[in-house]
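The values are calculated or read from the model by the stated rules, or taken from the named source; none is laboratory data. Keep in mind that this is a model prediction, so the values were computed, not measured. All Cβ positions, glycine included, derive from the backbone under ideal geometry; neighbour counts span all protein chains shown.
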Amino acid sequence: MKETTQDTINAFLDEGDIMNIPILPKNKWHGFLQKIGVCKKHLTYTLRRIRVGNRERIAQKGLNIPDEINDGTPLLTKIFELSTSNNADLIYCAAVALQNDRNEPTEELLDTLKWVDDDLLYSILERGLSEIDIQNFLKSIVLMKGTNSLMKTETQ
């Protein structure tokens, strides 16, 4: 009960989860600069509920991912095919979910996400995309359609 109350309060306040994304050093010099504190070791983002504009941006990239993944092709081959054709789209979706503002994802974030492990990328996508409130979006469409129908009936 206490956890549900806290989740409700966090949703109302639009508080999110803190995500720390490690920045892998590009070379030994960059690693040294990270070690002495000149360069950042990680990027920190607050994963909040997805904004309407960002839902549209994610949906546009999500449509590029094929529906039928299991078409008889061996799994490893399919993973390689999806990685080559849709990796940029998955990284873009994760970056939009993390940044979640009006701006396009920064090059630094996109580059950092290219080098995270699969578990972290999946975690970002799963947690970020679960924040898309599809139910309220569909309710708003139904409300608009219903209002439109009422307006047509009144004018006739």
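Details
- The single condition among (1) more than 17 Å from VAL116 (Cβ to Cβ); (2) assigned to a loop (DSSP other than H, G, I, E, B); (3) modelled with pLDDT of 85 or more; (4) not aliphatic (A, V, I, L, M) that TRP29 does not satisfy is (2).
- Restricting segment 113-143 to residues that are among the polar types (S, T, N, Q) and within 14 Å of the chain's Cα centre (by Cα), the residue that is modelled with the highest pLDDT: SER123
- Considering (1) modelled with pLDDT of 70 or more; (2) more than 16 Å from the chain's Cα centre (by Cα); (3) in a helix (DSSP H, G or I); (4) surrounded by fewer than 13 Cβ atoms within 10 Å (Cβ to Cβ), the lone condition that GLU56 does not fulfil carries the number (2).
- Count of segment 14-34 residues which are acidic (Asp, Glu) and closer than 21 Å to LEU110 by Cβ: 1
- Exclusive hit being modelled with pLDDT under 65 and under 30 Å from PRO25 (Cβ atoms), set LEU76, LEU110: LEU76
- Qualifying residues in segment 35-53 (those that are of a type in the set (A, V, I, L, M) and surrounded by 15 or more Cβ atoms within 10 Å (Cβ to Cβ)) - the one nearest to THR106 (Cα to Cα): LEU43
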